[in-house]
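Undergrad: First, the structure itself, so that you have it in front of you.
The values are calculated or read from the model by the stated rules, or taken from the named source; none is laboratory data. This one's a predicted model, so the numbers in the text were calculated from it and none came from an experiment. Counting neighbours? That spans all protein chains shown, and the Cβs are built from the backbone with ideal geometry, glycine included. Ligands, DNA and RNA are stripped out before the accessible areas are found, and what is left, the full protein with its side chains, is counted by its heavy atoms. Shrake-Rupley method; radii C 1.70, N 1.55, O 1.52, S 1.80 Å.
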Amino acid sequence: MGGSLRVAVLGAPGVGKTAIIRQFLFGDYPERHRPTDGPRLYRPAVLLDGAVYDLSIRDGDGAGPSPSPGGVEEWPDPKDWSLQDTDAFVLVYDICSPDSFDYVKALRQRIAETRPAGAPEAPILVVGNKRDRQRLRFGPRRALAALVRRGWRCGYLECSAKYNWHVLRLFRELLRCALVRARPAHPALRLQGALHPARCSLM
């Protein structure tokens with residue numbers, strides 16, 4: 001066994017978090033959107049250069065802010081959504097929704113503020129989903145990528161969960177970064193693909 005990694009997939013409701021995870025694990029896409037009923041935990045295994053890694057992927061609905069009666073956004077306790085010990089983050093937004101991008105910006109700031117002192121820095125990959133709706137996007141890809149990479153110091157990638165475009169690449173890049181940071185002497189890692197769906201379980 002190669003070890004284990006804890007990944008959180010976060011973002012505003014409706015941006016495609018669950019769709020991305022299900023494409024990666026099971027190769028399917030739900031044609032009708034159904035809001036995720038609370039956070040879910042997936043536990044697949046992946047093969048990286050001959051070593052099997054156990055992943056814990058949290059579909060993180062409920063990790064973002066919610067309005068209070070006074071109109072002020074309230075964030076849940078980080079301990080409640082179990083992200084302080086997460087090894088890597090995927091922050092998903094809809095390329096057609098500027099509000100979902102602002103939501104990701106707030107999440108990224110919250111992650112930085114609540115990271116325990118002395119804890120290793122966890123890689124963050126910002127993902128623009130719904131690339132199949134390119135003509136409706138709210139901003140140019142290059143400008144957004146430059147902002148995220150240079151200003152936020154996070155990774156950036158766009159994908160289409162609907163057509164399974166760049167979904168595997170998304171997890172490959174994230175896991176490569178997480179493993180290299182955890183073990184600096186480790187050679188470049190290549191994600192060879194998720195194992196058979198039967199190895200995955202939903203809790």
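Undergrad: Name the single residue that is surrounded by the fewest Cβ atoms within 10 Å (Cβ to Cβ) among those in the stretch 1-31 being within 21 Å of H166 (Cα to Cα) and at pLDDT below 85.
TA: Out of the qualifying residues, it is E31.
Undergrad: Anything in the stretch 101-115 that is open to solvent by less than 40 Å² (accessible area, probe 1.4 Å) and touching a residue at least 40 places away in the same chain (Cβ under 8 Å)? List them, or say none. If you could, list the steps in order and put the result at the bottom.
TA: So the first thing to find is which residues in the stretch 101-115 are open to solvent by less than 40 Å² (accessible area, probe 1.4 Å), and the list is 101, 104, 106-107, 111, 114.
F101, V104, A106, L107 - these are the residues of the stretch 101-115 that are open to solvent by less than 40 Å² (accessible area, probe 1.4 Å) and touching a residue at least 40 places away in the same chain (Cβ under 8 Å).
Undergrad: Report, by residue number, each residue of the stretch 134-152 that is surrounded by fewer than 13 Cβ atoms within 10 Å (Cβ to Cβ), basic (K, R) and under 19 Å from I124 (Cβ atoms).
TA: R150
Undergrad: I need the full set of residues from the stretch 32-66 which are hydrophobic (A, V, I, L, M, F, W, C) and either modelled with pLDDT of 90 or more or assigned to a loop (DSSP other than H, G, I, E, B) (or both), in order please.
TA: Listed by number, the residues that qualify are L41, A45, L55, I57, A63.
Undergrad: Please specify each residue of the stretch 116-133 satisfying the condition of being crowded, with 17+ Cβ neighbours inside 10 Å and not in a helix (DSSP H, G or I).
TA: A122, P123, I124, L125, V126, V127, G128, N129, K130
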